[in-house]
Amino acid sequence: MASTATPYGLRPVNLIGGQPYAGSTRMFKIANAYAANIFYGQPVSSNGNGFVQADTSTTALPATGVVGVFMGCTFTDPNLKIKVFRQSWPTGTVATDAEAYVVDDPD
């Protein structure tokens, strides 16, 4: 059987012990005008100010410490002036109320 590369990022499936994943997430702040894309399924870490950021480390144990997996975000769109929900964070978005949905269950 041929295998194909289908990069979808990390996806929560179940917990240790066989318990099903029930969709639990926690909200973390994203810095205003954060200048990097964050994509669905991407590991995120916390910076020194308590904001999440895309974790781009290539080592097994990153120095900054991964806090979880990015599942989407919400913020007030600076152009439309309405609250939007997205599966990715667009780089440089100016929004003071930006929050990320992060799966952070250690199991």
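The values are calculated or read from the model by the stated rules, or taken from the named source; none is laboratory data. This one's a predicted model, so the numbers in the text were calculated from it and none came from an experiment. Don't worry about glycine lacking a Cβ; one is built from the backbone with ideal geometry, like all the others, and counts go over all protein chains shown. The accessibility values were calculated without ligands, DNA or RNA, using every heavy atom of the protein model including side chains. Shrake-Rupley method; radii C 1.70, N 1.55, O 1.52, S 1.80 Å.
Miscellaneous remarks
- Test: residue in the stretch 74-97 that is modelled with pLDDT under 95, of a type in the set (A, V, I, L, M) and in a strand (DSSP E or B): no
- Candidates in the stretch 44-68 are the residues that are out of contact with any Asp or Glu (no Cβ under 8 Å at 6 or more places or on another chain) and at pLDDT 90 or above; of these, the one that is nearest to Tyr8 (Cα to Cα) is Ala54.
- The set of residues in the stretch 34-57 that are open to solvent by 60 Å² or more (accessible area, probe 1.4 Å), within 14 Å of the chain's Cα centre (by Cα) and in contact (Cβ under 8 Å) with a residue 24 or more places away in the chain comprises Asn37, Phe39, Tyr40.
- Search result, residues across the stretch 69-99 that are open to solvent by less than 40 Å² (accessible area, probe 1.4 Å) and farther than 18 Å from Tyr8 by Cα: Thr74, Phe75, Asp77, Val84, Gly92, Thr93, Ala95, Ala98
- Check on Tyr101, within 12 Å of the chain's Cα centre (by Cα) and assigned to a strand (DSSP E or B): yes
- As for the stretch 22-33, it holds at least one residue that is modelled with pLDDT of 85 or more, open to solvent by 90 Å² or more (accessible area, probe 1.4 Å) and in contact with a strand residue (DSSP E or B) (Cβ under 9 Å, 6 or more places away or on another chain).
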